[in-house]
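Beneath this line is the structure, given in structure tokens, with notes to follow.
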Amino acid sequence: MTDCAWLRFHLHSSRSRVEKPHIALHKIYSEVTLLPISRLVRLAAVFAAQLFLTLALATHARAQSTSVSPDHKTQHIIFVMTDGFRWQELFNGAEASLMTKQNGKVKNEAELKKTYWRATPEERREVLMPFVWQVIAKQGQIFGNRDKGSDAYVTNHMFFSYPGYNETLCGFPDDERIHSNDNVPNPNVTVLEWLKNRPGFTQNENDIAAFGAWDVIANVFNPQRSHLVANAGYVPLTLTPSTPELDLLNQLKLETPRVWDDESFDAIPFHTAVEYMKLKHPKVLYVSLGETDDWAHGGQYTEYLDSAHRVDAYLRAIWELAQSIPEYRGNTTLIFSPDHGRGKAPKKWRDHGQKVPDSKYIWMMFLGPDTQPLGERAKIAPVTQSQIAATLAAFLGQDYAADVPKAGKPIADVLPH
């Protein structure tokens with residue numbers, strides 16, 4: 001009161017003022033010391049600014065915080081990530097300046113434009129990723145279109161893969177320890193490992209599983225410590241009993257020519273994950289795909305777009321598979337995001353990292369029985385990569401943020417209301 005008071009009173013309470021109001025009013029009036037008008041104006045402005053800030057912070061806090069709902073319908077999570085896929089293509093489709101030999105190493109420009117070029121951004125993005133824009137955009141929520149006032153970004157300062165996977169899956173950056181892409185065990189506990197250790201959450205060791213194209217993905221989950229099923233790269237998946245399909249996939253891992261020594265083509269981990277899902281029915285299934293990043297680093301725009309188009313087809317396939325299995329039907333939530341962004345066309349699109357500030361910007365989307373169908377979000381508060389872990393847990397009725405305070409808070413808009 002003292003800092004924002006407009007009037008300074010020198011009053012002394014007494015029964016006589018109550019008993020003789022006309023005397024009290026006269027004494028009050030005579031004992032009021034008025035501040036100068038200019039001082040009053042300044043104090044009023046300060047008070048108004050403080051009030052506005054308080055209300056704004058309270059509103060933002062309500063928007064970004066949520067309590068875990070006991071009425072959640074989600075019982076299963078499928079979380080797919082595709083490495084380094086830009087928000088520009090997701091929301092605007094193919095970029096004209098990159099559909100060339102000079103900027104995108106395009107061998108057949110006419111054929112590429114026939115496949116992916118359309119008159120409007122909305123048409124281009126839908127032909128590139130039809131499942132995203134025909135299903136998720138209509139039944140779920142998509143964040144990250146910076147052109148429409150929806151920012152999504154990483155909070156680590158590395159802007160490359162391992163730090164992005166750590167932030168996504170643990171809910172916080174760790175720039176001191178996660179500052180390279182070295183294939184070393186993650187010192188941090190992921191939300192999947194945390195869920196595995198929740199009393200009564202898992203029934204057996206197969207309830208949570210992770211698959212990846214990049215061989216480092218397995219160590220992101222630190223399987224030696226977590227005892228999670230984590231299969232990545234060219235390592236065979238050994239199950240007892242096995243299936244003919246898994247046996248074939250394992251054989252392909254051994255025989256397929258390797259374009260990248262540390263990473264298989266996306267088809268291998270995706271179909272391995274699908275076979276595991278059919279066989280084991282995990283509660284949480286994580287799949288990391290990598291071709292979008294590899295082809296971009298190579299500056300090969302045709303292959304970059306084709307790999308994104310395949311990822312979209314994989315999303316459709318795994319979503320339709322979930323709806324065909326009674327145990328998953330109607331109670332599965334799909335999450336889709338990248339680990340980092342990339343630079344702008346025509347040159348920086350190939351790269352990401354600390355020297356490419358635009359690579360901090362990402363996107364994320366959610367589809368499932370607990371998420372309102374608000375579609376492509378616009379003019380909203382930013383969301384961060386660090387919020388995904390707690391959001392994933394909240395879908396399953398688990399309060400990760402309460403147990404891991406440094407993790408980002410769940411994204412309230414996508415959760416049960």
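General observations
- Residue count for segment 288-309 satisfying the condition of being assigned to a helix (DSSP H, G or I) and not aromatic (Phe, Trp, Tyr): 13.
- Some residue of segment 159-177 being aliphatic (A, V, I, L, M) and either without any contact (Cβ under 8 Å) to a residue 40 or more places away in the chain or more than 18 Å from Lys409 (Cβ to Cβ) (or both): no
- Taken together, the criteria place Phe143 among residues that are within 15 Å of the chain's Cα centre (by Cα), at negative phi and of a type outside the set (Ser, Thr, Tyr).
- Residue pairs meeting the criteria (Cβ under 9 Å; at least 6 apart or on separate chains; first in contact (Cβ under 8 Å) with a residue 12 or more places away in the chain and within 22 Å of Pro338 (Cβ to Cβ), in segment 385-402; second of a type in the set (D, E, K, R) and surrounded by 24 or more Cβ atoms within 10 Å (Cβ to Cβ)): Gln385/Glu167; Gln385/Asp339; Ser386/Glu167; Ile388/Glu167; Ala389/Glu167
- Matching entry among Tyr328, Tyr400 (being of a type in the set (Phe, Trp, Tyr) and either within 21 Å of Ser150 (Cβ to Cβ) or surrounded by fewer than 22 Cβ atoms within 10 Å (Cβ to Cβ) (or both)): Tyr328
Yes/no per residue for (1) crowded, with 19+ Cβ neighbours inside 10 Å; (2) touching a residue at least 12 places away in the same chain (Cβ under 8 Å); (3) over 20 Å from Thr391 (Cβ atoms); (4) assigned by TED's automatic domain parsing to the domain that holds Pro369:
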{"residue": "Pro187", "(1), (2), (3), (4)": "no, yes, yes, yes"}
{"residue": "Ala210", "(1), (2), (3), (4)": "yes, yes, no, yes"}
{"residue": "Gln224", "(1), (2), (3), (4)": "no, yes, yes, yes"}
{"residue": "Val229", "(1), (2), (3), (4)": "yes, yes, yes, yes"}
{"residue": "Val235", "(1), (2), (3), (4)": "no, yes, yes, yes"}
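The values are calculated or read from the model by the stated rules, or taken from the named source; none is laboratory data. Just so it is clear, the structure is predicted and the values come from calculations on it, not from any experiment. Cβ: placed from backbone, ideal geometry, glycine included. Neighbour counts: every protein chain shown.
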